[in-house]
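Some notes on the structure that comes next.
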Amino acid sequence: LDNNLNVRAHPNENWARELMELFTLGEGNYTEDDIKEAARAFTGWTEHEHAFRIDRTQHDYGVKEVLGVHGNLDGDLVADVLLAQPACAEWLAWKLLTYFEGSAPAPERLADYAQSLRARLYDVAQFLRRLFLDDAFYRDEIVGARVTGPIDYLVGAARRSGADVPPQMIYAGAE
């Protein structure tokens with residue numbers, strides 16, 4: 001997402017926008033100013049030889065404000081700010097419940113799972129364990145509602161059979 005081009009002189013907003021919109025908060029739970037300030041916090045985050053690194057000479061050390069938190073924020077602190085938002089737990093719980101159950105959860109179910117996810121510091125393994133042991137996960141309208149995509153199906157089949165299938169073959173089989 002071009003974060004390797006995110007430098008102090010020209011903050012690039014792509015990563016900050018995607019992080020908030022697709023991975024943590026969902027649309028409507030942040031402002032354009034939050035994106036601009038978060039982009040400044042991620043300046044200097046780049047890669048070198050396919051490995052993450054921070055170029056401290058390209059980081060903006062100025063004071064920033066993201067979602068009401070004010071200070072000399074860097075990318076790690078912005079991540080903490082995002083995770084502290086109730087909208088983050090709700091967004092992630094919604095994504096996980098919708099993916100595994102095949103339909104959007106009822107508001108009460110979503111609120112319960114979001115609170116649990118946040119209380120357990122986003123431990124997804126505990127979230128999934130709870131979900132898969134929940135009787136409501138096996139209710140009639142959920143069982144069989146999720147249709148497995150071609151790649152999921154082929155990866156699952158390869159794992160169940162113990163076959164060591166090259167990724168290129170799985171990709172080709174899903175086309």
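Structure data summary
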| quantity | calculated |
| --- | --- |
| Inter-residue pairs, beta-carbon under 9 Å, first under 17 Å from residue 84 (Cβ atoms) and free of Cβ contacts under 8 Å to residues at least 24 places away in the same chain and in segment 111-131, second in a helix (DSSP H, G or I) and open to solvent by less than 60 Å² (accessible area, probe 1.4 Å), 6+ apart | 116/89; 116/93; 116/127; 119/89; 120/127; 123/117 |
| Every residue from segment 132-153 that is in a helix (DSSP H, G or I) and within 29 Å of residue 167 (Cα to Cα) | 132, 150, 151, 152, 153 |
| Residue within segment 161-174 that is over 30 Å from residue 38 (Cβ atoms) and in contact (Cβ under 8 Å) with a residue 24 or more places away in the chain present | yes |
| Qualifying residue in segment 147-157 (condition: of a type in the set (Gly, Ala, Ser), without any contact (Cβ under 8 Å) to a residue 12 or more places away in the chain and farther than 30 Å from residue 20 by Cβ) | yes |
| Strands (runs of 3 or more DSSP E) completely within segment 19-80 that count 1 or more residues being without any contact (Cβ under 8 Å) to a residue 24 or more places away in the chain and either open to solvent by 60 Å² or more (accessible area, probe 1.4 Å) or under 15 Å from residue 5 (Cβ atoms) (or both) | 45-48, 51-54, 69-71 |
| Residue 12 being assigned to a loop (DSSP other than H, G, I, E, B), open to solvent by 20 Å² or more (accessible area, probe 1.4 Å), farther than 30 Å from residue 126 by Cβ and not hydrophobic (A, V, I, L, M, F, W, C) | yes |
| Unmet requirement for residue 104, which otherwise passes all of (1) part of a loop (DSSP other than H, G, I, E, B); (2) open to solvent by less than 80 Å² (accessible area, probe 1.4 Å); (3) under 30 Å from residue 59 (Cα atoms) | (3) |
| Residue match in segment 144-157 (condition: farther than 19 Å from residue 88 by Cβ, of a type in the set (Ser, Thr, Tyr), at pLDDT below 90 and surrounded by 13 or more Cβ atoms within 10 Å (Cβ to Cβ)) | yes |
| Any hit, segment 118-131, residues being open to solvent by 60 Å² or more (accessible area, probe 1.4 Å), in contact with a helix residue (DSSP H, G or I) (Cβ under 7 Å, 6 or more places away or on another chain) and either part of a helix (DSSP H, G or I) or within 30 Å of residue 6 (Cα to Cα) (or both) | yes |
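The values are calculated or read from the model by the stated rules, or taken from the named source; none is laboratory data. Bear in mind the structure is a predicted one, so any value in this text is a computation, not a measurement. Cβ coordinates were reconstructed from backbone atoms using ideal geometry, including for glycine residues, and neighbour counts include every protein chain displayed. Note: areas computed on protein heavy atoms with side chains; ligands, DNA, RNA excluded. Shrake-Rupley method; radii C 1.70, N 1.55, O 1.52, S 1.80 Å.
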